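**Student:** Here it is: the structure, laid out below.
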Amino acid sequence: MEMRCQEGIRTVQKHQAARVEIEATIADLREQIREQELASERARDNVSLEARLGDVRDELETTRRCCLELESKSREVELGSSRRLDELAATRRVLESDLLATGADGNLSC
């Protein structure tokens, strides 16, 4: 009878040790699941950030093209203004020459 009790105690101790081991395994598995969930969340965040980065790159490219276009138009306006100033200066010289050629009474001198 005592042997059976001893055997029963050993069996209970084995079961308790197995239970502790199983609980530790479950805890490890839960931790692994949490880590995988966090990794998945980071991966989703990265995908979202990469998509946003693509949008920002597109916006930057559009802005760069607009800047180049504005620079080109600015050069055209600058060139046109310079030509117009040259034309006005030439007209002024002609008018000044005509003014010098006219007498005090406004008549052209011969």
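The values are calculated or read from the model by the stated rules, or taken from the named source; none is laboratory data. Note that this is a predicted model, so its numbers are computed, not measured. Glycine gets a Cβ as well: all are built from the backbone with ideal geometry, and neighbour counts include every protein chain shown. For accessibility, only protein heavy atoms count, side chains too; no ligands or nucleic acids. Shrake-Rupley method; radii C 1.70, N 1.55, O 1.52, S 1.80 Å.
**Student:** What are the ³J(HN,Hα) couplings of region 14-27, residue after residue, when phi is run through the Karplus curve with 6.51, -1.76, 1.60 and θ = phi - 60°? Round to Hz, x for glycine and proline.
**Tutor:** Result, ordered by residue: 4, 5, 5, 5, 5, 5, 4, 5, 5, 4, 5, 5, 4, 4 Hz.
**Student:** While we're on this one: Over the residues of the chain, compute the C-alpha Rg and express it relative to 2.2 N^0.38 Å.
**Tutor:** Details: Rg = 46.3 Å, N = 110, 2.2 N^0.38 = 13.1 Å.
Relative to the rule-of-thumb radius for its length, the chain sits at 3.53.
**Student:** Which distance in nm do the two modelled labels at R75 and I9 give, with both placed 7 Å along the Cα-to-Cβ direction?
**Tutor:** 9.9
**Student:** Now a separate question. In what sequence, largest accessible area first, do V20, V56 appear using a 1.4 Å probe?
**Tutor:** Working: V20 95, V56 50 Å².
Result of the area sort, largest leading: V20, V56.
**Student:** Return the sequence-ordered ³J(HN,Hα) values of region 28-34 in whole Hz as given by the Karplus equation 6.51 cos²θ - 1.76 cosθ + 1.60 applied to θ = phi - 60°, using x for Gly and Pro.
**Tutor:** 4, 5, 4, 5, 4, 4, 4
**Student:** Which of the GluC sites (Glu not before Pro) found in region 64-96 are loop residues per DSSP with 11 or fewer other Cβ atoms within 10 Å of their Cβ?
**Tutor:** Listed in order of number, the matching sites amount to none.
**Student:** Give me the 1.4 Å probe accessible area per residue for the chain, excluding ligands and nucleic acids, in Å².
**Tutor:** Numbers: 10400 Å² over 110 residues.
For the chain, the per-residue accessible area is 95 Å².
**Student:** If the chain between A43 and E61 were fully stretched, how many nm would it gain, using 0.36 nm times the residue separation less the Cα-Cα distance?
**Tutor:** Working: separation 18, 0.36 × 18 = 6.48 nm, distance 2.67 nm.
The A43-E61 span can extend by a further 3.8 nm.
**Student:** Tell me the carbon and sulfur percent of the accessible area for the chain, rounded to whole percent, probe radius 1.4 Å. Intermediate values should be presented prior to the final figure.
**Tutor:** Details: 5900 of 10400 Å².
In the chain, the share of accessible area belonging to carbon and sulfur is 57 percent.
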